[in-house]
Structure formats: C-alpha cells, structure tokens
Amino acid sequence: MKIQESGEMYLENILVLQKEMNDIRAIDIVNKTGYSKPSISRALKLLKENGYINIDKSGYISLTESGSSRAKKIYGRHRALSEIFMKIGISEENAVADACKIEHDISDETFEKLKQYFADK
C-alpha cells in the first residue's frame, strides 16, 4: 500500500523512538518531531486505519508487521544515503537532511545501485 512521505516519516520516528524507549505515546512523537498534537493525532489515526500501527487502550503505540517493515526500509535508506553523501564530502548535517528528503522518492533500482557502487569506497 502506498503511503505519503509524511506517513513514512512518522513510521520512521516511531521506529527510532522504540529503540530509545520501551513505551511510546503520541506525546513522545510530538517531543521528537516538534509537530503539533493535532497533526500527530491525525497522522496516527491514518496509520492505524491503514494497519501500520496499533494503539492500545492506554495510548501506547506499536508498529504492526507491515509498519515495522516499512519503517525499517525507510530508516535503512536514510542511514545508507547519509553515509554515501558523507563519503563524497558532504557535511554530516547536510548529508542527513538531504537523505531525509531523498529516502522517500528514490527508486529501489537507483538506491540499490548507489549502495553497490559505494559499498567498497
């Protein structure tokens, strides 16, 4: 299922937060991203409706299998692209920012070829 870039960003943030803390609530996403509570609530509602996350009765958020898979793919792209950009001399700050923009739009073919090309460099 195709989700918007913003949905992928939320999934990625949930994944990162899961690595940092055991239990995640909407407020944790607000604090990490700086987005408003209403924006987070709308996004989480859509992610839940599309089967990417679960929210229990206490408000704790967890990724479903498909949500985890999608989040890991995006996060992996982000890390790999950041490393590639830094290898060619881009500052870490710009490499991370640019990777965040590109990770959602780059084709699988182009991404895999970039990884292969820079694997030995």
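The table that follows gives values for the structure above.
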read-out: Some residue of the range 57-69 being within 13 Å of the chain's Cα centre (by Cα) and not in a helix (DSSP H, G or I); value: yes
read-out: Of all residues in the range 70-93 being over 25 Å from Q18 (Cα atoms) and part of a helix (DSSP H, G or I), the one that is farthest from the chain's Cα centre (by Cα); value: K87
read-out: Odd one out for I24, checked against (1) surrounded by 14 or more Cβ atoms within 10 Å (Cβ to Cβ); (2) of a type outside the set (D, E); (3) within 15 Å of E8 (Cβ to Cβ); value: (3)
read-out: Matching residues in the range 94-108 - criterion: being surrounded by 14 or more Cβ atoms within 10 Å (Cβ to Cβ), not small (G, A, S) and not in a loop (DSSP other than H, G, I, E, B); value: V96, D98, C100, I102
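Readers should treat all values here as calculations from the given coordinates under stated rules, not as data from a laboratory. All values reported here derive from a predicted model rather than from experimental measurement. Cβ sites come from the backbone with ideal geometry, for glycine too, and all protein chains shown count toward neighbours.
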